[in-house]
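Student: Got a structure for you, written out below as structure tokens; questions coming shortly.
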Amino acid sequence: MGKEKKEKRKVSVKQAMSYDETISFLEELLKNFKNREIMIGGEENSITVFPADQIQMELKAKAKKDKVKLKLEFGWSEAIAAEADGSSCTKDEEKKDAKEMKKDEE
């Protein structure tokens with residue numbers, strides 16, 4: 001039985017928003033996170049992800065002159081998420097997925 005290679009999926013959303021729009025966006029993101037189904041993007045180019053029980057979180061803040069950047073990043077292994085759904089995977093598959101996530105972050 002051969003392994004299927006997972007297709008790399010990537011979507012990026014960048015836009016200017018008011019403070020209130022940003023709060024609404026974050027509240028909707030939190031609601032979707034709690035439901036364990038997050039769709040990012042639009043109708044033609046989107047990705048839906050399903051958060052796992054174990055999640056890596058990184059928060060970065062940078063202030064330079066009159067600009068401030070705040071980056072919040074989440075990551076998890078789909079193999080671990082599959083286990084939560086009743087599927088199974090080997091520890092080697094989990095390690096491979098973790099390495100791929102780290103490679104994607106670079």
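Taken together, the values in this text are just the output of simple stated rules run on the coordinates, not laboratory data. Treat the numbers as computed from the prediction; the structure is a model and nothing was measured. Positions of Cβ are generated from backbone atoms using ideal geometry, with glycine treated the same way; all protein chains shown enter the neighbour counts.
Student: First select every other residue whose beta carbon is under 11 angstrom from the beta carbon of LYS60; then total the charges, Lys and Arg +1, Asp and Glu -1.
Tutor: So the environment of LYS60 carries a net charge of +1.
Student: Among the listed pairs LYS8/LYS69; LYS31/LYS67; LYS31/LYS71; LYS8/LYS71, which have their C-alpha atoms separated by more than 25 angstrom in this model?
Tutor: From the list (LYS8/LYS69; LYS31/LYS67; LYS31/LYS71; LYS8/LYS71), the Cα-Cα distance tops 25 Å for LYS8/LYS69; LYS31/LYS67.
Student: Hey, can you rank 54-61, 14-21 by average C-beta count inside 10 Å, highest first?
Tutor: 54-61, 14-21
Student: GLN54 to TYR19: FRET efficiency via 1/(1 + (r/R0)^6), r the Cβ-Cβ distance, R0 30 Å, to the nearest 0.05?
Tutor: E between GLN54 and TYR19, to the nearest 0.05, is 0.40.
Student: Let me ask something else about it. What is the distance, in nm, between label points placed 7 Å from the Cα along the Cα-to-Cβ direction at SER46 and at LEU26?
Tutor: Those two pseudo-labels are separated by 2.4 nm.
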